[in-house]
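Trainee: Right, I'll just put the structure down here and ask away after.
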Amino acid sequence: MIDSLLTKGIVDRETYLQKIVAATGEWDLIVIGGGATGLGIALDATARGYKTLLVEQADFAKGTSSRSTKLVHGGVRYLAQGDIKLVREASIERGLLHRNAPHLVKDQNFIVPVYTSWDRLKYTIGLKIYDWISGKLSLGPSVFISKEETMEKIPGIQAKDLKGGVLYHDGQFDDSRLAINLVQSIWENGGYAMNYMQVINLQKNDKGKTSGATVMDMETKKLYEFKAKAIVNATGVFVDDILQMDRPGSAKTICVSQGVHLVLDKKFYPSPEAMMIPETSDGRVLFAVPWHDKVVLGTTDTPVDEASLEPQALEKEISFILETAGNYLLTKPQRSDVLSVFAGLRPLAVPETGQQKTKEISRSHKIIVSASNLFTILGGKWTTYRKMGEDMVNRIEKDLKWKHKKPGTASLHIHGYTAGTDWNDPLYFYGSDATLIRQQMNGTANEWLSEELKIHRKQIIWAVEHEMARTAEDVLSRRTRALLLNARESRRIAPEVISIMANILGKDEPWRAEQLKSFNKLSEQYILK
Ligand SMILES: Cc1cc2nc3c(=O)[nH]c(=O)nc-3n(C[C@H](O)[C@H](O)[C@H](O)COP(=O)(O)OP(=O)(O)OC[C@H]3O[C@@H](n4cnc5c(N)ncnc54)[C@H](O)[C@@H]3O)c2cc1C
């Protein structure tokens, strides 16, 4: 089915859009939002054989889904909160994702350093329960390791009072790469998914039920009307905007909490094992996670009033992470050592009872069905995106009295699937596509656009031709992870990236100038001064 979107082997957005417009009859489902949640729903529906269209107003995973801590995890913290149901569900999903996308999800060792006998007991037992909850899908057993072994594995760790560490297993992944591979899986299974298409209005039939959506192509500003039997609102922190479109004055359903990450060179944390600091001064956990030859530190949990696609890290969040992590690293990092800072917003379901701090609100997902039959999904985690998709499609079938079709994503291999990933290969995250990219490198394999980030010009071409990248930001932030890994370096290579893109897309000089201006402005936010 991927043929439906390829012209001479490449994704041609204009032709693809015309195919969507020409698709006869109504869609079974229109999914609004191309983050983890919307992609999970669209893939589930497509795999069941429903005629499905997903529209994303910006780029796929532009929102929260490219800004996570990069963990595919059951959630040790949720276990501590007693949310066994969520931990069980997420642990099962972790195992399934590890099986279905082994090129992106890695079995990662984590170490919890312990400084008191009570902590040793608490985390040894707690993490055994964590292992037990995941049953057959566990990635490996947790073990207590000695002080010496802990110091060897985490070279910068404070030795004073250290009793040892508890080593456990969780998953680690690349969030926006998974999103792009999910888009490709939707295409391959016969569904449609398109970026830069914003829903600006919902249509209703004479019974007041949703019957379609008005969508604006953000590149041309042209409007399109699409009819559908079911409309799904999977817009993350923007769900309330769509609910307002459906019924002005609707009650608020989510609260927004910001999380910030800092990326450092791995010399600050030269360990292949991740670390979990279990109790920070703000009562959360802080992770140090090795990622693409760097280390990601995070995160925070700060309530914010406004949802935005480009949230800004607060000074207090930055200094909190530097301070807290600094106590456990080989050298205390300074602001000038930060290669990139990025923030994401959690769409948390407003708790039904009482006032809760955002860190205490359950990360479980919740489905709301409006009187108009608009299906909205709130909360959740990247890890559980597949289950969220399955639950949503089951709910639509039930409420709209469709004949139940068996879900099929639990064993569906995600685009790029390949066994035996070599995590040291700079192209590992392309999975089975790496072979094709490597063929195109033909004799130029060592001529990197960025030697430091291992980004080759053929990757830029690949992103435009096969992954629907439309802007420099799409390529530098989500097809490669340059902006998040080293914002200054991404800025350095941006002119070359834009030039390669312009040649393929047939763009003129003003487009190039505009791309450079907007990427430079954006990258400012990721650089600490
Ligand atoms: C700091 C932080 C760390 C996290 N770490 C982890 C982790 O390590 N592991 C984990 O499992 N989970 C993690 N999560 C949670 C996870 O990232 C989110 O649950 C998930 O990404 C949310 O996906 P989403 O699709 O609901 O939202 P989003 O990714 O925000 O997607 C919603 C999309 O809807 C689009 N949209 C909005 N309005 C419209 C419209 N009118 N028309 C078309 N499109 C529209 C937006 O542009 C956006 O792309 C983390 C979250 C945060 C904030």
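The values are calculated or read from the model by the stated rules, or taken from the named source; none is laboratory data. A quick note: this is a predicted structure, and the numbers were derived from the prediction, not measured. Positions of Cβ are generated from backbone atoms using ideal geometry, with glycine treated the same way; all protein chains shown enter the neighbour counts. Quick note on the areas: whole protein, heavy atoms, side chains included, nothing else; ligands and nucleic acids left out. Shrake-Rupley method; radii C 1.70, N 1.55, O 1.52, S 1.80 Å.
Trainee: Filter segment 295-314 for residues that are in contact with a Leu (Cβ under 9 Å, 6 or more places away or on another chain) and part of a strand (DSSP E or B); which is surrounded by the most Cβ atoms within 10 Å (Cβ to Cβ)?
Mentor: By that ranking, first place goes to Leu297.
Here is a yes/no grid of residues against (1) within 16 Å of Pro141 (Cβ to Cβ); (2) within 16 Å of the ligand (Cβ to nearest atom):
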| position | (1), (2) |
| --- | --- |
| Gly75 | no, yes |
| Glu93 | no, yes |
| Pro102 | no, no |
| Pro113 | no, no |
| Trp118 | no, no |
| Leu121 | no, no |
| Thr124 | yes, no |
| Ile129 | yes, no |
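Trainee: Keeping to segment 196-237, report how many residues are within 11 Å of the ligand (Cβ to nearest atom), of a type in the set (S, T, N, Q) and either surrounded by fewer than 19 Cβ atoms within 10 Å (Cβ to Cβ) or part of a loop (DSSP other than H, G, I, E, B) (or both).
Mentor: Number of matching residues: 4.
Trainee: So which pairs qualify, if the first residue must be in segment 142-171 and in contact (Cβ under 8 Å) with a residue 24 or more places away in the chain and on the phi > 0 side of the Ramachandran plot, the second must be of a type in the set (Lys, Arg) and open to solvent by less than 70 Å² (accessible area, probe 1.4 Å), the Cβ gap must be under 7 Å, and the two must be at least 6 apart or on different chains?
Mentor: These pairs meet every condition: Gly164/Lys147.
Trainee: Another question, then. If you take the residues in segment 170-195 that are out of contact with any strand residue (DSSP E or B) (no Cβ under 7 Å at 6 or more places or on another chain) and open to solvent by 30 Å² or more (accessible area, probe 1.4 Å), which one is nearest to Thr52 (Cα to Cα)?
Mentor: Once the filter is applied, the top-ranked residue is Asn189.
Trainee: Can you tell me which of Lys521, Lys517, Lys529 is touching a helix residue (DSSP H, G or I) at 6+ places or on another chain (Cβ under 9 Å) and among the charged types (D, E, K, R)?
Mentor: Selected residue: Lys529, the only one of Lys521, Lys517, Lys529 that is touching a helix residue (DSSP H, G or I) at 6+ places or on another chain (Cβ under 9 Å) and among the charged types (D, E, K, R).
Trainee: Just to be sure I understand the filter: pairs with C-beta atoms under 9 Å, separated by 6 or more residues or on different chains, first member in segment 408-420 and open to solvent by 70 Å² or more (accessible area, probe 1.4 Å), second member polar (S, T, N, Q). Which pairs pass?
Mentor: Ser411/Asn100; His413/Asn100; His413/Ser185; Tyr417/Asn100; Tyr417/Asn181; Tyr417/Ser432
Trainee: Okay, next question. I'd like to verify a number: residues in segment 79-91 that are open to solvent by 20 Å² or more (accessible area, probe 1.4 Å), modelled with pLDDT under 90 and either outside any helix (DSSP H, G or I) or within 12 Å of the ligand (Cβ to nearest atom) (or both), how many? It would help to see each step written out before you state the result.
Mentor: Initially, segment 79-91 is screened for residues open to solvent by 20 Å² or more (accessible area, probe 1.4 Å), giving 79-85, 88-89.
Restricting the remaining residues to those that are modelled with pLDDT under 90 gives 79-85.
Remaining after also requiring either outside any helix (DSSP H, G or I) or within 12 Å of the ligand (Cβ to nearest atom) (or both): 81-83.
Number satisfying all stated conditions: 3.
Trainee: Can you name the condition, by its number, that Asp59 falls short on among (1) away from the ligand (no atom under 15 Å from the Cβ); (2) in contact with a helix residue (DSSP H, G or I) (Cβ under 9 Å, 6 or more places away or on another chain); (3) farther than 30 Å from Ile129 by Cα?
Mentor: Unmet condition: (1).
Trainee: Determine which single condition Asn205 fails, assuming it passes every other condition in (1) in contact (Cβ under 8 Å) with a residue 24 or more places away in the chain; (2) closer than 30 Å to Ile30 by Cα.
Mentor: Here Asn205 meets the rest and fails (1).
Trainee: Within segment 25-50, can you find the residues that are more than 16 Å from the ligand (Cβ to nearest atom), buried (at least 24 other Cβ atoms within 10 Å of the Cβ) and outside any helix (DSSP H, G or I)?
Mentor: None; the set is empty.
Trainee: So, Gly249, is that one open to solvent by 20 Å² or more (accessible area, probe 1.4 Å), more than 16 Å from the ligand (Cβ to nearest atom) and at positive phi or not? Even if it seems obvious, please write down each step before you answer.
Mentor: Details: open to solvent by 20 Å² or more (accessible area, probe 1.4 Å): yes; more than 16 Å from the ligand (Cβ to nearest atom): yes; at positive phi: yes.
Yes: the conditions hold for Gly249.
Trainee: With the checklist (1) in contact (Cβ under 8 Å) with a residue 40 or more places away in the chain; (2) over 23 Å from Gly40 (Cβ atoms) in hand, flag the one item Lys221 doesn't pass.
Mentor: It is condition (1) that Lys221 fails.
Trainee: Restricting attention to segment 315-330, does a residue exist that is more than 14 Å from the ligand (Cβ to nearest atom), in a helix (DSSP H, G or I) and among the aliphatic types (A, V, I, L, M)?
Mentor: Yes, segment 315-330 contains a residue that is more than 14 Å from the ligand (Cβ to nearest atom), in a helix (DSSP H, G or I) and among the aliphatic types (A, V, I, L, M).
Trainee: Would you mind stating whether Thr69 is within 11 Å of the ligand (Cβ to nearest atom), more than 16 Å from Val183 (Cα to Cα) and open to solvent by 10 Å² or more (accessible area, probe 1.4 Å)?
Mentor: So Thr69 passes the test.
Trainee: For segment 421-473, which residues satisfy the criterion of being surrounded by 16 or more Cβ atoms within 10 Å (Cβ to Cβ), more than 19 Å from Ile180 (Cβ to Cβ) and among the hydroxyl-bearing types (Ser, Thr, Tyr)?
Mentor: Ser450 - this is the single residue of segment 421-473 that is surrounded by 16 or more Cβ atoms within 10 Å (Cβ to Cβ), more than 19 Å from Ile180 (Cβ to Cβ) and among the hydroxyl-bearing types (Ser, Thr, Tyr).
Trainee: Filter segment 396-409 down to the residues that are over 24 Å from the mean Cα position of the chain (by Cα) and outside any loop (DSSP other than H, G, I, E, B), then identify the one that is nearest to Ile231 (Cα to Cα).
Mentor: Ile396
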